[in-house]
Amino acid sequence: MSITQSNRSGSVRVTVVMAPYSSSASISATLEMLESANFLNVVKQQKAGAPNPKMLFDIETVSMDGKPVQCSGGLSLTPQRTMDSVTETDLIIIPGFLFNILLALPLLMPVSKWLANLYDKGATIATICTGAFVAAQAGILDDKQATTHWYYAKEFKRRFPAVTLMDQLTVTDDDGLICSGGASAATDMLMYLVRKFGSVDIAAECSKKLLVDSCQRSQLPYMQYSFKRNHEDREIAAVQNWLDKHFEQEIVFDQLAKQFNFGQRNFIRRFKLATGETPNQYLQNLRIERAKYFLETTNTSLERVTYQVGYEDSNSFRRLFKNRVGLSPADYRKKFQV
């Protein structure tokens with residue numbers, strides 16, 4: 001029996017959205033992962049002698065008007081149906097939008113309204129990467145946990161303060177709203193969906209056959225800290241420039257404040273107002289980012305790296321690094337060294 005001849009009765013109805021500026025890779029990855037799960041599920045049932053093997057997922061694709069959609073990278077994808085023709089489904093998957101989400105978001109208001117309507121009818125909503133913006137725009141993520149790509153976490157929080165953003169996680173699931181962060185995290189979420197709506201054993205088979213990990217990860221190792229500089233406090237900007245050049249030195253902030261003609265309390269207040277952090281938090285982040293650079297680009301020992309970024313005790317620095325980055329310095333080097 002071929003896959004296409006299998007009985008689809010009882011399958012999970014999945015609607016995959018194609019939208020302008022969306023990532024064609026996240027759409028194709030979704031379709032291929034779910035079709036792989038279908039194939040492996042049918043094979044499993046055939047080996048067990050099942051007379052009518054069934055699909056796990058009954059998959060359809062939609063766009064707002066049913067017409068082909070221009071995706072990122074210039075690829076055009078053709079859906080099967082219009083979005084509004086789907087009035088009932090079990091699972092809706094929203095693709096990621098790479099770096100196009102802020103441009104695309106106003107155009108996607110019809111998708112957001114449609115999502116809210118079907119979520120109210122009981123559909124589960126799953127978003128890939130920056131697709132979480134589309135769900136948040138619908139209001140359905142308010143007072144829920146969610147995640148998105150770490151690069152857009154600050155903008156997400158600014159636009160949707162009612163959402164509890166767990167930007168360190170690659171997958172969240174809260175009351176039928178499933179989100180993933182980052183392009184590779186789409187695989188984490190798709191494996192999660194196969195386990196949730198299919199079975200643990202089929203998810204394990206997908207992991208082995210497709211050579212993908214089945215465990216959830218953290219976004220922490222991938223995050224690059226963004227130092228706020230688009231403020232108007234020139235005196236604090238001068239302090240930041242000085243820290244950029246002297247972060248490896250022993251720094252006493254009382255003395256630094258005097259050096260730049262600040263009173264201690266006024267220095268801390270203005271620094272936090274301008275940068276969003278205390279001077280000590282800022283310095284720690286500066287040192288961690290520099291340590292990451294040394295680990296990525298050199299073979300310098302951890303003891304030397306520790307000294308180069310302004311710390312003396314490599315054991316203490318190792319603990320600090322792992323707490324902030326989610327990996328030990330050695331594991332970080334293995335993962336990211338050029």
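The values are calculated or read from the model by the stated rules, or taken from the named source; none is laboratory data. Keep in mind that what you see is a predicted model, and the values were worked out from it rather than measured. Positions of Cβ are backbone-derived with ideal geometry, glycine not excepted, and every protein chain shown enters the neighbour counts. Heavy atoms of the whole protein, side chains included, go into the accessibility calculation; ligands, DNA and RNA do not. Shrake-Rupley method; radii C 1.70, N 1.55, O 1.52, S 1.80 Å.
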| query | Mind checking the dipole of the range 147-294: about its Cα centre, +1 per Lys or Arg Cβ, -1 per Asp or Glu Cβ, Debye to the nearest 20? | reply | 400 debye
| said: Tell me which of F133, Y119, Q168 sits at the most positive position along the dipole axis of the range 110-173, charges placed on C-beta atoms (Lys, Arg +1; Asp, Glu -1). | reply: F133
| How high is the relative contact order of the range 49-139, in percent, counting Cα pairs under 8 Å that sit 6 or more residues apart? | 27 percent
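Grab the Cα-Cα distance for F260 and T78, subtract it from 0.36 nm times how many residues apart they are, and report the gain in nm with one decimal.
Details: separation 182, 0.36 × 182 = 65.52 nm, distance 6.08 nm.
This chain segment gains 59.4 nm when fully extended.
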| message | On a full-extension model of 0.36 nm per residue, what is the gain between T87 and A48, subtracting their alpha-carbon distance, rounded to one decimal in nm? | response | 10.5 nm
| request: Taking all pairs of distinct Cα atoms, average 1/r, flip it, and tell me the Kirkwood hydrodynamic radius of the range 190-338 in Å to one decimal place. | output: 18.0 Å
| Share antiparallel - DSSP beta bridges, the range 37-152, percent rounded to 5 | 25 percent
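How large, in percent, is the carbon and sulfur part of the accessible surface of the chain at a probe radius of 1.4 Å?
50 percent
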| request: Please give every one of the lysines within straight-line cross-link reach of K67, meaning a C-alpha to C-alpha distance under 24 Å, and leave out same-chain neighbours fewer than 8 residues apart. | output: K113
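So what is Rg over Rh here for the chain, counting just Cα atoms and using Kirkwood for Rh?
Taking Rh as the inverse mean 1/r over Cα pairs, Rg/Rh reads 1.07.
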| said: If I take R0 = 41 Å and measure r between the Cβ atoms of A204 and Q145 in this structure, what FRET efficiency does the formula 1/(1 + (r/R0)^6) give, to the nearest 0.05? | reply: 0.95
| note | Answer in debye to the nearest 20: the dipole magnitude of the chain about its Cα centre, from +1 Lys/Arg and -1 Asp/Glu charges placed on Cβ, is 500 debye
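Over 20 Å between Cα atoms: which of K196/K335; K47/K209; K47/K208 fall into that group?
K196/K335
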| field | Positive-pole candidate from V239, F227, G310, dipole of the range 210-338, charges at beta carbon | value | F227
| Who wins for biggest fluctuation among V194, V212, V16 in a Gaussian network model of the chain, springs between alpha carbons below 10 Å? | V212
| said: What number does the range 83-213 give for Rg over Rh if you use C-alpha atoms and the Kirkwood radius? | reply: 0.97
| field | the range 34-40 - phi-based ³J(HN,Hα) in whole Hz, Karplus 6.51/-1.76/1.60, Gly and Pro as x | value | 5, 5, 5, 4, 4, 4, 5
| request: Please list, in chain and number order, the residues 5+ apart from V16 or on another chain whose amide H is under 5 Å from its amide H, with Hs placed from the backbone. | output: E60, T61, V62, I93
| remark: What helix-only [θ] at 222 nm does the chain give? Using -39500 (n - 2.57) per DSSP H run of at least 4, over all residues, to the nearest 500, the answer is -13500 deg cm²/dmol
